[in-house]
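Engineer: Following this message is one structure expressed as structure tokens.
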Amino acid sequence: MRLDQPKVGNLLKCPYCGNESEFFEISDDVITTTHYIQNKDGSFTIENKNSQSLGDVKLFCGNCEEDLTSFHQRFSEMIF
Ligand SMILES: [Zn+2]
């Protein structure tokens, strides 16, 4: 089943339960790159962490856990 994109409003809202505050994303085949800086005492501090997904990315409602992947493009455009 494919859901229509909402026409008005700026908030992504789960069409199943009405949740509009919590969502989670599951990514396949993720490559995580972590940059470290070595300190003068030999310890390391994480400077930056990037992850890139090579596979499918799915979006789910954080409340009812329904699949909201049809909203994913809009979701990813609104991450700042
Ligand atoms: Zn929901």
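Engineer: Which condition from (1) in contact with a His (Cβ under 9 Å, 6 or more places away or on another chain); (2) within 16 Å of the ligand (Cβ to nearest atom) is the one that Lys49 breaks?
Structural biologist: (2)
Engineer: Something else about it: Six or more apart or on different chains, Cβ under 9 Å: which pairs go from a residue in the stretch 8-33 that's hydroxyl-bearing (Ser, Thr, Tyr) to one that's near the ligand (Cβ under 9 Å from one of its atoms)? Could you list them?
Structural biologist: Final answer for the pair search is Tyr16/Cys61; Tyr16/Asn63; Tyr16/Cys64; Tyr16/Glu66; Tyr16/Leu68; Ser21/Gly62; Ser21/Asn63.
Engineer: I need every pair where a residue in the stretch 54-80 that is over 20 Å from Val30 (Cβ atoms) has its Cβ under 7 Å from the Cβ of a residue that is within 16 Å of the ligand (Cβ to nearest atom) and in a strand (DSSP E or B), sequence separation at least 6 or different chains.
Structural biologist: Cys61/Phe23; Glu66/Phe60; Phe71/Leu59
Engineer: Another one. Hey, can you tell me all the residues within the stretch 49-80 that are closer than 21 Å to Thr32 by Cα and of a type in the set (S, T, N, Q)?
Structural biologist: Asn50, Ser51, Gln52, Ser53, Ser76
Engineer: Sticking with this one: Is it true that some residue in the stretch 38-54 is out of contact with any strand residue (DSSP E or B) (no Cβ under 6 Å at 6 or more places or on another chain), within 17 Å of Ser76 (Cβ to Cβ) and not polar (S, T, N, Q)?
Structural biologist: yes
Engineer: Can you find a residue that is assigned to a loop (DSSP other than H, G, I, E, B) and at pLDDT 95 or above anywhere in the stretch 51-58?
Structural biologist: The answer is no; no qualifying residue exists.
Engineer: Kindly indicate the residue of the stretch 52-77 that is aliphatic (A, V, I, L, M) and surrounded by 11 or more Cβ atoms within 10 Å (Cβ to Cβ) and also nearest to the ligand (Cβ to nearest atom) among those meeting that condition.
Structural biologist: Leu68
The values are calculated or read from the model by the stated rules, or taken from the named source; none is laboratory data. Computed from a prediction, not measured in an experiment: that's the story for all the values here. No Cβ is skipped: glycine too gets one built from the backbone with ideal geometry, and neighbour counts run over all protein chains shown.
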